[in-house]
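The values are calculated or read from the model by the stated rules, or taken from the named source; none is laboratory data. None of these values were measured; they are calculated from a predicted model. We place every Cβ from the backbone using ideal geometry, glycine too, and count neighbours over all the protein chains shown.
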Amino acid sequence: MRYDLIPNTLFKKNRKKFMVGMKPKSLAIFNSNDIYPVSADSTIPFRQHRDIFYLSGADQEETILLLFPDAMDKKHREILFVRETNDHIAVWEGAKLTKEQATAVSGIDTVYWLSDFNKVFFDLMTEADTVFFNTNEHYRQAVETQTREDRFIEKCKKDFPAHQWAKSNPILQQIRGVKEPEEVEVMQQACTITERGFRRVLNFLRPGVWEYEVEAEYLHEFIRNRSKGFAYTPIIASGNNANVLHYIENNQQCRDGDLVLMDVGAEYANYSSDMTRTLPVNGKFTKRQRAVYDAVLRVKDAATQMLVPGTLWKEYHKEVGKIMTSELLGLGLLDKAEVQSENPDWPAYKKYFMHGTSHHIGLDTHDYGALKTPMQPNMVFTVEPGIYIPEEGFGIRLEDDVVIQETGAPQNLMQNIPIEAEEIEELMNG
Ligand code: GLY
Ligand code: MN
Ligand code: MN
């Protein structure tokens with residue numbers, strides 16, 4: 001791995017928390033992701049499934065984690081199955097986990113080769129009544145491919161028709177949403193790498209450069225800091241492109257007088273960072289751009305203050321909407337009559353700010369995490385208001401990642417990434 005290994009204390013704690021949520025006489029199975037094909041013999045670089053990584057730290061294809069807290073034989077309470085390596089694989093693909101390494105990474109004492117899985121699994125299924133399957137229930141999921149997990153579930157249901165089935169996802173949603181200190185530390189590293197990319201771009205941006213050149217500056221800095229690259233497809237959107245929320249072409253020239261919205265984050269050790277900054281291409285905001293920029297920043301700061309234990313996600317979004325409404329009135333983008341007659345299901349401010357303010361972030365950029373119960377300490381959220389004005393040729397979004405504290409304001413993992421308009425101008429002209 002390119003990254004420094006995460007202490008296996010994290011994965012031990014995570015497994016313990018997961019197993020507390022299981023039923024008596026149940027076992028749970030977690031599969032690696034497939035390596036996805038492109039065509040001919042080319043493949044997309046492997047990206048581990050976040051759940052098996054969260055519970056074991058195993059960052060390798062064809063790995064299976066089995067958890068069975070009530071197993072009669074103590075050594076079968078946690079088992080990691082890894083692909084058996086050999087000299088041929090070592091020459092062509094490079095090193096794979098040995099059993100000893102798999103134990104060191106995960107903190108799991110019992111490691112078997114994958115070829116033993118069917119035999120061991122059949123034996124343990126005779127002791128178990130219920131199997132926990134890991135289906136995807138993320139609130140934004142729209143997956144059309146059949147994953148390795150899906151194939152496993154299909155086969156298991158056929159092979160063991162008399163067992164009961166249960167869902168792992170509700171447990172994972174709860175526990176993955178509240179981060180351990182080791183996770184916050186890794187996320188801070190991801191944010192620091194993003195900061196390095198941003199500072200490089202502050203020196204690079206000028207009229208005439210192309211959006212993809214800006215993207216390349218980030219990637220260069222990310223990779224030389226031991227990141228695999230972008231945590232999600234980056235958006236480098238100059239001028240009116242910023243008003244296309246999921247603009248990812250990044251193929252236009254940045255023009256004098258325009259702003260460029262950059263929604264970019266480095267991954268590190270499979271954890272995401274998620275930053276947005278909006279810069280003036282020529283290093284100086286116009287008066288109007290600055291007024292809108294400062295309004296977005298005020299909304300962001302006010303929203304951040306609300307991310308405290310007890311806050312309800314839905315209420316929070318309503319409050320942010322009210323603050324945004326008052327800023328839009330101040331900017332002359334809304335008038336009072338429009339606000340008074342607004343549809344409560346689609347308030348007037350949505351014309352200029354049509355997406356959510358926050359999402360959980362962690363191993364996934366749009367991470368797992370409870371959204372219907374009060375916020376808790378050590379949840380990590382983005383804060384990302386924006387104002388998009390196609391008729392004026394620009395859009396502004398600002399986004400940081402913050403950790404909810406026991407008391408007081410959240411800890412901002414991006415506090416060192418310049419955001420005040422004056423500081424931005426100074427750095428760009430320094
Ligand atoms: N970059 C994706 C998001 O901000 O949610
Ligand atoms: Mn973002
Ligand atoms: Mn985001």
> When the stretch 322-370 is examined, which residues are found to be modelled with pLDDT of 95 or more, aliphatic (A, V, I, L, M) and either part of a loop (DSSP other than H, G, I, E, B) or within 16 Å of ligand 1 (Cβ to nearest atom) (or both)?
Replying inline: L331, L333, L334, M354, I361, L363
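Counting just the residues of the stretch 388-397 that are surrounded by fewer than 23 Cβ atoms within 10 Å (Cβ to Cβ) and assigned to a strand (DSSP E or B), which one comes out farthest from ligand 1 (Cβ to nearest atom)?
Here the residue is I389.
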> Where residues in the stretch 352-384 are crowded, with 16+ Cβ neighbours inside 10 Å, hydrophobic (A, V, I, L, M, F, W, C) and more than 25 Å from V244 (Cα to Cα), which of them is nearest to the chain's Cα centre (by Cα)?
Replying inline: L363
> Listed residues V143, V131; which is within 22 Å of the chain's Cα centre (by Cα) and under 16 Å from N31 (Cβ atoms)?
Replying inline: V143
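Condition first: assigned to a loop (DSSP other than H, G, I, E, B) and over 21 Å from the mean Cα position of the chain (by Cα). Now tell me which residues in the stretch 11-66 satisfy that. Quick ask: steps written out before the conclusion?
Let us first name the residues in the stretch 11-66 that are assigned to a loop (DSSP other than H, G, I, E, B), namely 21-25, 32-36, 38-42, 44-49, 57-63.
Scanning the stretch 11-66 gives G21, M22, K23, P24, K25, V38, S39, A40, D41, S42, E62, T63.
Yes/no per residue for (1) in a helix (DSSP H, G or I); (2) of a type in the set (K, R):
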residue: L219; (1), (2): yes, no
residue: I236; (1), (2): no, no
residue: A242; (1), (2): yes, no
residue: L245; (1), (2): no, no
residue: I248; (1), (2): no, no
residue: N251; (1), (2): no, no
residue: R255; (1), (2): no, yes
> Among the candidates I235, I171, which residue alone is modelled with pLDDT of 95 or more, touching a Gly at 6+ places or on another chain (Cβ under 7 Å) and not aromatic (F, W, Y)?
Replying inline: I171
>> Pairs needed: first member in the stretch 113-128, among the hydrophobic types (A, V, I, L, M, F, W, C); second member anywhere, surrounded by 12 or more Cβ atoms within 10 Å (Cβ to Cβ) and part of a helix (DSSP H, G or I); C-beta distance under 7 Å; at least 6 residues apart or different chains.
In response: L124/H76
> Of all the residues that make up the stretch 230-246, how many are surrounded by fewer than 19 Cβ atoms within 10 Å (Cβ to Cβ), hydroxyl-bearing (S, T, Y) and in contact with a strand residue (DSSP E or B) (Cβ under 8 Å, 6 or more places away or on another chain)?
Replying inline: 1
